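**Q** Here's a structure for you.
Laboratory data are not the source of any read-out in this text; all were calculated from the coordinates shown. Please read all numbers here as calculations on a predicted model, not as lab measurements. As a convention, Cβ positions derive from the backbone with ideal geometry for all residues, glycine included, and neighbour counts pool all protein chains shown.
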Amino acid sequence: MAQRNLITDVAGVLVGNADDARLASGVTAIVFEEPAVAAIDVPGGPPGTRATGLLEPHRTVERIDAVVLSGGSAFGLDDASGVQALLRERGRGFAVGEVRVPLVCGAVLFDLLNGGDKNWGRFPPYRDLGYAAAAAAGASFALGTAGAGFGATTYDLKGGLGSAFARTRDGHGMGALVATNACGRVTVGDGPHFWAAAFEMDREFGGLGFAPSVPPASLMPYGKGRPGENTTIAIVATDAALSKGQTKQLAIMAQDGLSRAIYPAHTTLDGDTVFAAATGRRPLADPVNELTELGAVAANVLARAVARGVFEAKALPGLPSWQDRHGRRASPA
């Protein structure tokens, strides 16, 4: 099967988006065809998460059914209820006697001040968006201004939903999916070149290569907003068979991808959160060395996904896109 350069190239992973242009927000559901081992790493200052305590290696439950990423700040945490509803209808979930409880973990980003209509009345729309995203889960999905990245922004550009895929030397698949709503920049200063240029594959975000220079001003830690107004949320997934402890290490290593693609990252203004999931289709022959490579590749793939999401994004009113600012005049360095 041809690779799509998406996280869904990892066997056992499906993704669906649902968004609302009037709301200027949306949801992305990552649904595992079979329950997956999962973990989380949260280095950002003000995170917003749901049901993530069960992911720690010492907790009882080994596997979960889905991860959901959303806009809407804390209101967006309702999205997991919609994903649970869809999975319950399909008979999915952790068995407790005759009852099944779908296990859905989630994280949210802040997009409440992006010009969309957030006057939704008594109940926010994220539960319904979560249901729709899970129902749409499949092998293909939109990038850029879509799903959880619909209303996302960076310091000076429209953020977005990005994804990428690679294989390790041992043949394990590694994919990443990210909604980039960063306090910092993904480009070197005001120019078109991405910080993640070293990791690009097949011109997936323009093929511009490295910036010809790095002006001192581009290393100043400029940032947008106030605490709680940002946050980049992501998941990396592999087809390798990992324990919860190994998956936790994968999440920790994958975080380096945000540092390679966003400057600055993991700030007191960002709730940066990275999930990791293992679908268990391919065992490890050499656990120590193969896990090390999986983590290194995960960071590279996540960096690519950040840049790709911004590159693919379309502008919203007052939120210029990379394509608007650089697409017509940029050329490979």
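**Q** Report the gain in length on full extension from Glu34 to Val101: 0.36 nm times residue separation, minus Cα-Cα distance, nm rounded to one decimal.
**A** Full-extension gain reported as 22.7 nm.
**Q** Read through the labelled values [x] 0.95; [y] 0.98; [z] 1.03 and report the label of the one computed as Rg/Rh (Cα atoms, Kirkwood Rh) from the structure.
**A** [x]
**Q** Quick one: if you stick a label point 7 Å off each Cα along the C-beta vector at Asp324 and Ala139, how many nm between them?
**A** Taking the two extended label points, one gets 3.5 nm.
**Q** Then there's this: Figure the gain on full extension for Asp286 and Asp117 (residue separation times 0.36 nm, minus the Cα-Cα span) and round it to one decimal in nm.
**A** Extending this stretch completely gives an extra 55.6 nm.
**Q** Given a Förster radius of 51 Å and the C-beta distance between Ala217 and Glu62 as r, what FRET efficiency does 1/(1 + (r/R0)^6) yield to the nearest 0.05?
**A** Step by step, r from the Cβ atoms, then E = 0.55.
**Q** Which three lengths, in whole Å and largest first, does the stretch 39-180 cover when its Cα atoms are put on their principal axes?
**A** Rounded to whole Å, the extents work out to 49, 48, 32 Å.
**Q** When only C-alpha pairs under 8 Å and at least 6 residues apart count, what is the relative contact order of the chain, in percent?
**A** Across the chain, relative contact order equals 25 percent.
**Q** Rounded to the nearest 20 Debye, what is the dipole magnitude of the stretch 217-331 about its Cα centre when Lys and Arg each give +1 and Asp and Glu each give -1 at the C-beta?
**A** Around 400 debye, computed over the stretch 217-331.
**Q** Can you tell me the dipole magnitude for the stretch 55-209 around its Cα centre, using point charges on the Cβ only (Lys, Arg +1; Asp, Glu -1), in Debye to the nearest 20?
**A** Using only the charged Cβ atoms, the result is roughly 260 debye.
**Q** Under 5 Å between amide H atoms, partner at least 5 residues away or on a different chain: which partners does Phe94 have, H built in plane at 1.01 Å?
**A** Placed amide hydrogens put Val101, Leu103 under 5 Å from Phe94.
**Q** Using the crude model of +1 on Lys and Arg Cβ and -1 on Asp and Glu Cβ, and no other charge, please compute the dipole size for the chain relative to its Cα centre, in debye to 20.
**A** That gives a dipole near 340 debye.
**Q** Give the percent of DSSP beta bridges with both residues in the chain that are antiparallel, rounded to the nearest 5.
**A** Close to 80 percent.
**Q** Related question: With unit charges on the beta carbon (Lys/Arg positive, Asp/Glu negative), name the residue among Ala305, Ala265, Gly280 whose Cα is farthest towards the positive pole of the charge dipole of the stretch 236-333.
**A** Ala305
**Q** Moving to a separate point now. Roughly speaking, what is the stretch gain from Ala74 to Ala315, that is 0.36 nm per residue apart minus the C-alpha to C-alpha distance, in nm to one decimal?
**A** Extending this stretch completely gives an extra 84.3 nm.
**Q** List the lysines whose alpha-carbon lies under 23 Å from that of Lys158, not counting same-chain residues fewer than 8 positions away?
**A** Hits, sequence-local ones excluded: Lys118, Lys224, Lys314.
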